[in-house]
Amino acid sequence: MHWDLPFGVLTEAKTGVDWDTLLTRDDLGNLLRQFEAVQMASSWFVSFNCDPTQIGELTSVLAENNYVHITPLFWHKEKHTKVSTQQQLTPAVETMVLARKQRAGHTAYTNLDVNPTKRHNFLEGPPQRTLIKDDKDVPLNLTQKPPYVFEWVLERFGNPSNPVLICGTGAGGEVQAAINKGFSVVGVRAGEFSRHNP
(Lines give C-alpha, C1' and ligand atoms only; values in the text may rest on other atoms or scores of the structure.)
Protein backbone atom coordinates (compact mmCIF):
# COMPACT_ATOMS: atom_id res chain seq x y z
CA MET A 1 0.00 0.00 0.00
CA HIS A 2 1.27 3.45 -0.88
CA TRP A 3 0.05 6.82 0.42
CA ASP A 4 1.01 10.16 -1.05
CA LEU A 5 0.33 12.26 2.03
CA PRO A 6 -0.46 16.00 1.98
CA PHE A 7 2.67 18.14 2.38
CA GLY A 8 0.94 21.08 4.04
CA VAL A 9 2.25 23.49 1.40
CA LEU A 10 -0.89 24.57 -0.45
CA THR A 11 -2.61 26.47 2.34
CA GLU A 12 -6.20 27.60 1.97
CA ALA A 13 -5.13 31.21 2.47
CA LYS A 14 -2.69 31.00 -0.47
CA THR A 15 -4.53 28.76 -2.90
CA GLY A 16 -8.11 28.28 -1.76
CA VAL A 17 -7.69 24.51 -1.23
CA ASP A 18 -8.35 22.99 2.16
CA TRP A 19 -7.16 19.40 1.67
CA ASP A 20 -3.38 19.92 1.78
CA THR A 21 -3.09 19.81 5.56
CA LEU A 22 -0.49 17.75 7.41
CA LEU A 23 -2.20 14.72 8.94
CA THR A 24 -2.25 14.39 12.70
CA ARG A 25 -0.74 11.50 14.62
CA ASP A 26 -4.26 10.07 15.12
CA ASP A 27 -5.00 10.42 11.38
CA LEU A 28 -1.86 8.43 10.51
CA GLY A 29 -2.71 5.66 12.96
CA ASN A 30 -6.29 5.50 11.68
CA LEU A 31 -5.06 5.15 8.08
CA LEU A 32 -3.02 2.10 9.03
CA ARG A 33 -5.78 0.48 11.08
CA GLN A 34 -8.44 1.03 8.41
CA PHE A 35 -6.21 -0.53 5.77
CA GLU A 36 -5.41 -3.53 7.96
CA ALA A 37 -9.11 -4.08 8.76
CA VAL A 38 -9.93 -4.86 5.13
CA GLN A 39 -6.81 -6.49 3.69
CA MET A 40 -6.23 -10.24 3.90
CA ALA A 41 -2.52 -10.60 3.10
CA SER A 42 -0.20 -12.46 5.45
CA SER A 43 2.50 -9.81 5.00
CA TRP A 44 2.69 -6.42 3.38
CA PHE A 45 4.75 -3.32 2.81
CA VAL A 46 3.61 0.26 3.17
CA SER A 47 5.19 3.40 1.78
CA PHE A 48 4.39 7.04 2.40
CA ASN A 49 5.45 10.10 0.42
CA CYS A 50 5.62 12.68 3.18
CA ASP A 51 6.83 16.11 4.18
CA PRO A 52 10.28 15.88 5.82
CA THR A 53 8.85 17.38 9.01
CA GLN A 54 6.61 14.31 9.44
CA ILE A 55 9.27 11.60 9.13
CA GLY A 56 9.76 11.31 12.90
CA GLU A 57 6.07 11.26 13.73
CA LEU A 58 5.25 8.79 10.94
CA THR A 59 8.11 6.52 12.01
CA SER A 60 6.82 6.56 15.58
CA VAL A 61 3.24 5.75 14.53
CA LEU A 62 4.43 2.84 12.37
CA ALA A 63 6.46 1.43 15.26
CA GLU A 64 3.49 1.74 17.63
CA ASN A 65 1.44 -0.28 15.13
CA ASN A 66 4.06 -3.06 15.04
CA TYR A 67 5.64 -2.27 11.69
CA VAL A 68 9.32 -3.19 11.30
CA HIS A 69 12.25 -2.23 9.07
CA ILE A 70 10.97 1.34 9.09
CA THR A 71 13.27 3.29 6.80
CA PRO A 72 13.23 6.75 5.23
CA LEU A 73 13.96 6.88 1.50
CA PHE A 74 15.48 9.97 -0.09
CA TRP A 75 14.93 10.88 -3.76
CA HIS A 76 17.39 13.47 -5.08
CA LYS A 77 15.89 15.33 -8.02
CA GLU A 78 18.84 15.93 -10.33
CA LYS A 79 19.10 19.43 -11.83
CA HIS A 80 16.16 20.58 -9.72
CA THR A 81 15.52 24.23 -10.58
CA LYS A 82 12.69 25.29 -8.30
CA VAL A 83 13.02 28.94 -7.28
CA SER A 84 14.41 29.42 -3.79
CA THR A 85 14.86 32.49 -1.66
CA GLN A 86 17.65 33.92 0.46
CA GLN A 87 15.90 32.49 3.51
CA GLN A 88 15.53 28.86 2.42
CA LEU A 89 17.22 26.04 0.57
CA THR A 90 15.83 24.61 -2.64
CA PRO A 91 13.96 21.35 -1.82
CA ALA A 92 15.84 19.12 -4.24
CA VAL A 93 15.23 16.01 -2.11
CA GLU A 94 11.85 14.40 -1.47
CA THR A 95 11.25 11.87 1.26
CA MET A 96 9.36 8.63 1.58
CA VAL A 97 9.04 6.24 4.54
CA LEU A 98 8.82 2.48 3.97
CA ALA A 99 7.92 -0.26 6.48
CA ARG A 100 6.82 -3.88 6.69
CA LYS A 101 4.34 -5.87 8.74
CA GLN A 102 3.41 -9.52 8.81
CA ARG A 103 0.89 -11.73 10.53
CA ALA A 104 2.25 -14.22 13.03
CA GLY A 105 3.90 -17.21 11.38
CA HIS A 106 4.37 -15.60 7.96
CA THR A 107 7.38 -14.14 6.19
CA ALA A 108 7.19 -11.11 3.93
CA TYR A 109 8.27 -11.39 0.32
CA THR A 110 11.24 -9.24 -0.50
CA ASN A 111 13.32 -8.90 -3.62
CA LEU A 112 16.27 -7.02 -2.13
CA ASP A 113 19.52 -7.82 -3.86
CA VAL A 114 22.35 -8.97 -1.60
CA ASN A 115 24.52 -6.28 -3.19
CA PRO A 116 24.51 -3.50 -0.54
CA THR A 117 24.65 -0.74 -3.15
CA LYS A 118 21.26 -1.88 -4.43
CA ARG A 119 19.86 -1.64 -0.91
CA HIS A 120 20.67 1.98 -0.20
CA ASN A 121 17.77 4.21 0.84
CA PHE A 122 18.71 6.81 -1.75
CA LEU A 123 17.91 7.22 -5.42
CA GLU A 124 18.66 9.91 -7.97
CA GLY A 125 17.01 10.99 -11.15
CA PRO A 126 15.34 13.95 -12.84
CA PRO A 127 12.01 15.40 -11.73
CA GLN A 128 9.03 15.10 -14.04
CA ARG A 129 9.73 17.50 -16.91
CA THR A 130 6.46 17.13 -18.84
CA LEU A 131 3.40 17.58 -16.65
CA ILE A 132 -0.11 16.37 -17.42
CA LYS A 133 -2.28 19.39 -18.30
CA ASP A 134 -5.96 20.12 -18.59
CA ASP A 135 -7.73 21.39 -21.71
CA LYS A 136 -6.61 24.95 -20.87
CA ASP A 137 -2.95 23.89 -20.74
CA VAL A 138 -2.78 24.25 -16.95
CA PRO A 139 -0.75 21.55 -15.13
CA LEU A 140 -2.99 19.25 -13.09
CA ASN A 141 -0.33 18.49 -10.50
CA LEU A 142 2.82 20.59 -10.10
CA THR A 143 4.34 17.95 -7.82
CA GLN A 144 3.83 15.09 -10.26
CA LYS A 145 6.40 12.34 -9.67
CA PRO A 146 7.98 10.40 -12.53
CA PRO A 147 7.06 6.68 -12.58
CA TYR A 148 10.67 5.52 -12.05
CA VAL A 149 10.56 6.61 -8.39
CA PHE A 150 7.82 4.15 -7.43
CA GLU A 151 9.19 1.54 -9.86
CA TRP A 152 12.35 1.62 -7.70
CA VAL A 153 10.23 0.76 -4.65
CA LEU A 154 8.25 -1.98 -6.41
CA GLU A 155 11.41 -3.63 -7.75
CA ARG A 156 12.65 -4.08 -4.19
CA PHE A 157 9.48 -4.81 -2.25
CA GLY A 158 6.73 -5.75 -4.65
CA ASN A 159 5.51 -9.19 -5.59
CA PRO A 160 3.66 -9.07 -8.94
CA SER A 161 1.21 -11.69 -7.64
CA ASN A 162 -0.01 -9.20 -5.02
CA PRO A 163 -2.13 -6.11 -5.74
CA VAL A 164 -0.96 -2.57 -5.07
CA LEU A 165 -3.21 0.04 -3.49
CA ILE A 166 -2.28 3.69 -4.02
CA CYS A 167 -4.06 6.42 -2.07
CA GLY A 168 -3.63 9.99 -3.23
CA THR A 169 -2.75 9.25 -6.86
CA GLY A 170 -2.37 12.87 -7.97
CA ALA A 171 -1.38 12.83 -11.64
CA GLY A 172 -0.83 9.08 -11.54
CA GLY A 173 2.95 8.58 -11.55
CA GLU A 174 2.80 5.76 -9.00
CA VAL A 175 -0.13 4.12 -10.81
CA GLN A 176 1.80 4.21 -14.08
CA ALA A 177 4.81 2.68 -12.31
CA ALA A 178 2.71 -0.26 -11.07
CA ILE A 179 1.27 -0.80 -14.56
CA ASN A 180 4.76 -0.63 -16.08
CA LYS A 181 5.92 -3.36 -13.68
CA GLY A 182 2.94 -5.61 -14.37
CA PHE A 183 1.11 -5.21 -11.06
CA SER A 184 -2.64 -5.16 -10.49
CA VAL A 185 -3.22 -1.72 -9.05
CA VAL A 186 -6.07 0.16 -7.42
CA GLY A 187 -5.73 3.94 -7.32
CA VAL A 188 -7.76 6.33 -5.19
CA ARG A 189 -7.73 10.09 -5.66
CA ALA A 190 -9.90 12.52 -3.62
CA GLY A 191 -13.35 11.23 -4.47
CA GLU A 192 -12.27 9.15 -7.45
CA PHE A 193 -11.60 5.43 -7.90
CA SER A 194 -9.79 3.57 -10.67
CA ARG A 195 -8.52 0.04 -11.17
CA HIS A 196 -6.10 -1.65 -13.60
CA ASN A 197 -5.58 -5.41 -13.94
CA PRO A 198 -2.78 -6.56 -16.27
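The values are calculated or read from the model by the stated rules, or taken from the named source; none is laboratory data. What you see is a predicted model; the values in this text were computed from it and never measured. Every residue, glycine among them, receives a Cβ derived from its backbone with ideal geometry; neighbour counts consider all protein chains shown. Only protein heavy atoms, including side chains, enter the accessible area calculation; ligands, DNA and RNA are left aside. Shrake-Rupley method; radii C 1.70, N 1.55, O 1.52, S 1.80 Å.
Note on surface exposure: 26, 4 rank 26, 4 by accessible area, highest first, 1.4 Å probe. Protection proxy ranking, highest mean first, for peptides 66-73, 40-47, 173-180: 173-180, 40-47, 66-73, where packing is the per-residue count of other beta-carbon atoms within 10 Å, averaged. Within the same chain, lysines fewer than 8 places from residue 133 are excluded, and of the rest, those with a Cα less than 30 Å from its Cα are 14, 77, 79, 82, 145, 181.
Around the amide H of residue 73, modelled in the peptide plane, lie the amide H atoms of 96, 97, 98, all under 5 Å away and 5 or more residues distant in sequence or on another chain.
The relative contact order of the range 26-123, computed from alpha carbon pairs under 8 Å that lie at least 6 residues apart in sequence, is 37 percent.
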